[in-house]
1. Checking the a/c ratio against 1.5 first, then a/b against b/c, what shape does the Cα gyration tensor give for region 70-228?
2. Would you kindly state the longest site-free stretch of the chain, with sites defined as GluC sites (Glu not before Pro) in a DSSP loop (not H, G, I, E, B) surrounded by at most 15 other Cβ atoms within 10 Å?
3. Kindly report the accessible area of the chain per residue (heavy atoms of protein chains, probe 1.4 Å, no ligands, DNA or RNA), in Å².
4. Only four residue types carry charge here, +1 at the Cβ of Lys and Arg and -1 at the Cβ of Asp and Glu. Report the dipole size of the chain about the Cα centre in Debye, rounded to the nearest 20.
5. Evaluate region 184-235: find the radius of gyration of its Cα atoms, find its Kirkwood radius, and give the ratio Rg to Rh.
6. Could you calculate the FRET efficiency of His255 with Glu308 from 1/(1 + (r/R0)^6), where r is the beta carbon distance between them and R0 is 51 Å, rounded to 0.05?
7. Of all the Cα-Cα pairs you can form in the chain, what percent are over 29 Å apart?
8. Tell me the carbon and sulfur percent of the accessible area for the chain, rounded to whole percent, probe radius 1.4 Å.
Amino acid sequence: DDDAGAARFAELLANEHRVEPTDWMPEGYRKTLIRQISQHAHSEIIGMQPEGNWITRAPSLKRKAILMAKVQDEAGHGLYLYSAAQTLGIERETMFDQLITGKAKYSSIFNYTTPTWADMGSIGWLVDGAAICNQVPLCRASYGPYGRAMVRICKEESFHQRQGFEILLQLMRGTDAQRAMAQESVNRWYAPALMMFGPPDDDSPNSKQSMAWNIKRFSNDDLRQRFVDMLVPQAEILGITLPDPDIAWNEGRGHYDFGELDWAEFHEVLAGRGPANAIRVARRRTAHEEGAWVREAARAYADARSTERIA
Ligand code: 3HC
């Protein structure tokens, strides 16, 4: 019954054990996980677009092969995550529908455009870097299917981050024009990447409960700080300037200070009014509609196989 289930759930959390799909769980826990995992899945799927934009124009065959593999990894991450969300009782079609009708949230970062090749470097270094910072602690999320998906995803994200860093390093070792392209791109991606961690702690309605449930392990601001501390020495190696004059080592705190972010811009992007929100959702809807025949064919094949087995 519910009381025994609740006691067992509390015990699992207290002992840092995983909660599995067949275990009793509070409705709020289930809803929070469906919200976070589906948003995360949507982010991976929408996240294919800004980089997909450069596959045909990558500067060499090698770069093209790497970029294709990376975008494919993102599709894979989206699929694991949709599967993890399905174990909580939501249908995949429902999640797809929420995404293509613009009802679902996905990461703010993918509503920015990628006008230059250096943006492939910035996405890898900054966006995937932020994703790793956020996701490594999620490997310990209390919900089994989510935590286990994160382990594999994080391994691939580390490769993505390194390839982005390496693109920027090559550009910084190139001509003046290439160095300027890298710097200009980092200037555009830096602040939006910091916003990926979500609103400041005082303005984060879900954090406290998600931390109590061992879903989130660190607050949004703590992870953002960790990310800035990681970026500063890497920017020095690259010879790139982070576009924030307030970045300074704070001996007392043992961390880098950094400037306020433009939270009005963040809320505009979340409200669907970022630079590329409309394009991203429209393109996903078109891809979904154009893929209808594949889903139909797969269903027909599966039906034929099951009739064969019965006969
Ligand atoms: N973009 C869009 N929405 C965001 C956001 C962001 N960067 N940050 C916060 N929000 C939304 C939240 O979803 C929440 O909205 P909701 O209640 O309607 O769902 C609201 O803003 C308030 O924020 P909270 O801090 O209270 O919300 P959370 O506790 O859920 O924390 C989070 C937000 C840190 C993003 C958390 O959900 C999380 O860690 N999610 C998993 C990681 C993830 O989704 N990453 C996606 C980007 S990385 C990626 O996809 C990899 C790349 O390689 C493609």
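The values are calculated or read from the model by the stated rules, or taken from the named source; none is laboratory data. None of these values were measured; they are calculated from a predicted model. Here Cβ is always computed from backbone atoms with ideal geometry, including for glycine, and neighbour counts include all displayed protein chains. Accessible surface areas use protein heavy atoms only, side chains included; no ligands, DNA or RNA. Shrake-Rupley method; radii C 1.70, N 1.55, O 1.52, S 1.80 Å.
1. It comes out prolate by the Cα gyration axes.
2. Working: sites that count: Glu16, Glu91, Glu251, Glu260.
Between the exposed loop sites, the longest stretch runs 92-250.
3. Solvent-accessible surface per residue comes out at 50 Å².
4. 1100
5. Answer for region 184-235: 1.06.
6. Efficiency for this residue pair is about 0.20.
7. For the chain, the fraction of Cα-Cα distances above 29 Å is 41 percent.
8. Using a 1.4 Å probe with all protein chains present, the chain comes out at 56 percent carbon and sulfur.
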